[in-house]
Amino acid sequence: MIIIVTGAAGFIGSALAQRLVNSGHNVTAIDNFSDFYDVNLKKLRVETLLNSVGLQVTRLDISKAHEIETLIASVKPDVVVNLAAQAGARLGLSETHKYLESNLLGFSNVLIASVKNKVPFFLYASSSSVYGDKASIPYSESEKNLHPNSFYGATKLANELLVPTLVRNSATAARGLRFFTVYGPWGRPDMAYFRMISNVVAGSEFSFFGDGTIERDFTYIQDSVDSIIALTAELESRKPGYCDFVNVGGGRPLSMNYLMEAVSLLANKQVSFKRLSGNLNDAVKTMADSTYLQSLTGSKPNTTLEDGIANTFDWAIQSGISANLDKWVHSVD
């Protein structure tokens, strides 16, 4: 199949694009190489994961409507996977416009161009952040009481509201992917697991928000990619105009304290930290109900946090990585 992946220099995007190429698909990869964190990490992902399998990444900003329209019209893809977004829930008020430009304007540009050019299948990154703290645990796709805690989460919920308005009565079937705390090698340096590992490997400062009791449904990167591919294959059985969203999580929430203990045990060195008050943008607990995912694909993410963190630690201690960890972490201080 011919597949466009946006955000291909990002964490999930690079892992997905590599797998798709290795599976024999014709992939067009795009990214704007934003400076939310050190661009050199994105370039190293591209060099290591994508260039090594013969894939180049085109620099393109999805907030430029004409550029994304021209690309989709010329490539004529079977599938568009939109993973490009302003990530993270903690940008300050002065940077809120980044969510607007990427998650609303940019997202709408990709959606409109996909529908206009009759792309058969459109998948996009949503987030567990759409649920907020008022939804029932475990989070189910049928939940109606959605109140995101963050502006970021609100933009992701807006994406889910926008898609059906254009997809119905179109030639496109669409699916939102509600990712739950994706982690692993080549991950994002703003995330707690990355910063804990950088602390024990490279001595980076680590700020620990709250008392560590908040829980996350950690989802290993390769499990996430497996789910995306399986959900894409299942979507191919759907008729034009179809639309849904699916939790991509295994349903095993663990606390930040447990995560810190796991990292400390692997390193045989205690994570050191500066404790800060909790952040109101953080949900108290996230937990995916994976029933729908399993009904569609026959499986769910099942890599344990212990195994996933061990793999990530092995990646982090490589000389070409460990020397950069502190710089990457400080790029999002």
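The values are calculated or read from the model by the stated rules, or taken from the named source; none is laboratory data. Owing to the predicted nature of the structure, the values given are computational and were not obtained by experimental measurement. A quick note on method: Cβ atoms are made from the backbone with ideal geometry, for glycine too, and the neighbour counts reach across all protein chains shown.
Would you call A84 surrounded by 23 or more Cβ atoms within 10 Å (Cβ to Cβ), modelled with pLDDT of 95 or more, part of a loop (DSSP other than H, G, I, E, B) and not hydroxyl-bearing (S, T, Y)? When the stated conditions are applied, A84 passes them. Of the residues screened, D333 is one that is free of Cβ contacts under 8 Å to residues at least 40 places away in the same chain and assigned to a loop (DSSP other than H, G, I, E, B). Scanning the range 41-70 for residues that are over 21 Å from the mean Cα position of the chain (by Cα) and either over 24 Å from W328 (Cβ atoms) or small (G, A, S) (or both) turns up S52, G54, K64, A65, H66, E67, E69, T70.
Go through S114, S102, S94 for me and flag whichever is small (G, A, S), assigned to a helix (DSSP H, G or I) and in contact (Cβ under 8 Å) with a residue 60 or more places away in the chain.
None of the others qualify; the one that does is S102.
Checking each residue in the range 121-148 for being surrounded by fewer than 21 Cβ atoms within 10 Å (Cβ to Cβ), outside any strand (DSSP E or B) and free of Cβ contacts under 8 Å to residues at least 60 places away in the same chain picks out K134, A135, S136, S142, E143, K144, N145, L146.
When the range 102-117 is limited to residues that are closer than 15 Å to A73 by Cβ and not small (G, A, S), the one that is surrounded by the most Cβ atoms within 10 Å (Cβ to Cβ) turns out to be V110. Buried (at least 19 other Cβ atoms within 10 Å of the Cβ), in contact (Cβ under 8 Å) with a residue 60 or more places away in the chain and of a type in the set (D, E): does that describe D223? Against the criterion (buried (at least 19 other Cβ atoms within 10 Å of the Cβ), in contact (Cβ under 8 Å) with a residue 60 or more places away in the chain and of a type in the set (D, E)), D223 qualifies. Of all residue pairs spaced 6 or more apart or on separate chains, those with beta-carbon atoms under 9 Å, a first member in the range 51-74 that is acidic (D, E) and a second member that is crowded, with 17+ Cβ neighbours inside 10 Å and part of a loop (DSSP other than H, G, I, E, B) are D61/N32; D61/S34; D61/A84; E67/L60; E67/D61; E69/N117. Reported count of residues in the range 238-268, each being more than 23 Å from A288 (Cβ to Cβ) and touching a Pro at 6+ places or on another chain (Cβ under 8 Å), is 1. Of all the listed residues (F151, F206), the sole one being modelled with pLDDT under 95, of a type in the set (F, W, Y) and more than 25 Å from G132 (Cβ to Cβ) is F206. Suppose we keep only residues that are of a type in the set (A, V, I, L, M) and in contact with a strand residue (DSSP E or B) (Cβ under 6 Å, 6 or more places away or on another chain) within the range 17-49. Which one would you say is nearest to M191 (Cα to Cα)? Going through the qualifying residues, I end up with V46.
Right, A158: outside any helix (DSSP H, G or I), within 30 Å of A113 (Cβ to Cβ) and of a type in the set (A, V, I, L, M) or not? Against the criterion (outside any helix (DSSP H, G or I), within 30 Å of A113 (Cβ to Cβ) and of a type in the set (A, V, I, L, M)), A158 does not qualify.
One residue is enough: does the range 196-210 have a residue meeting the conditions among the polar types (S, T, N, Q), crowded, with 20+ Cβ neighbours inside 10 Å, touching a strand residue (DSSP E or B) at 6+ places or on another chain (Cβ under 8 Å) and in contact (Cβ under 8 Å) with a residue 40 or more places away in the chain?
No: zero hits.
The set of residues from the range 87-104 being of a type in the set (S, T, N, Q), modelled with pLDDT of 85 or more and either farther than 20 Å from L161 by Cα or touching a helix residue (DSSP H, G or I) at 6+ places or on another chain (Cβ under 8 Å) (or both) comprises T96, N103.
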